[in-house]
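Notes to accompany the following structure.
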Amino acid sequence: MSLTGAIGAGGTGGVRNQQQAAKPRELDKQAFLQLLVTQMRYQNPLEPMDNKEYVAQLAQFSSLEQMQAMARNIESMAAGREQAEQMNATLKEILAVQRQILARMPAALNQTA
């Protein structure tokens, strides 16, 4: 029985909490383990799932978690880069204003003397 077979068996009705209902496309580790237990509970005892299938599912879920973590890190880096670019633009504006002020200073000093 596949993971989707366990979902279709109706064993996940009590698994979803409010957080999962708000994010129905995300599957956290706890929900995955509950699905795996449900899958084992409803499998055919005369034809149990092969251990290799369990290991493969765990490896796939681990890979998915790692990809999600990488995606979050990339999003964070992109946001940091955007902030740095905004700060750079602000600093350039400040430097331009300072240059204008400094360019006017000698003329202002000559007028007072």
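A few notes on this one:
- For the stretch 47-98, the fraction of alpha-carbon pairs in successive 5 Å shells from zero, as %: 5, 17, 10, 12, 9, 8, 9, 6, 6, 5, 4, 4, 2, 2, 1, 0
- 3J(HN,Hα) along the stretch 66-78, derived from phi through the Karplus expression 6.51 cos²θ - 1.76 cosθ + 1.60 where θ = phi - 60°, amounts to 5, 5, 5, 5, 5, 4, 5, 5, 5, 4, 5, 5, 5 Hz, with x in place of Gly and Pro.
- Point-to-point label distance, Lys92-Ser63, nm (Cα→Cβ direction, 7 Å offset): 4.3
- Surrounding net charge for Glu75, when Lys and Arg each add one and Asp and Glu each subtract one, Cβ distance under 14 Å: +1
None of the figures in this text is laboratory data; all of them are computed from the coordinates on show. Just so it is clear, the structure is predicted and the values come from calculations on it, not from any experiment. All Cβ positions, glycine included, derive from the backbone under ideal geometry; neighbour counts span all protein chains shown.
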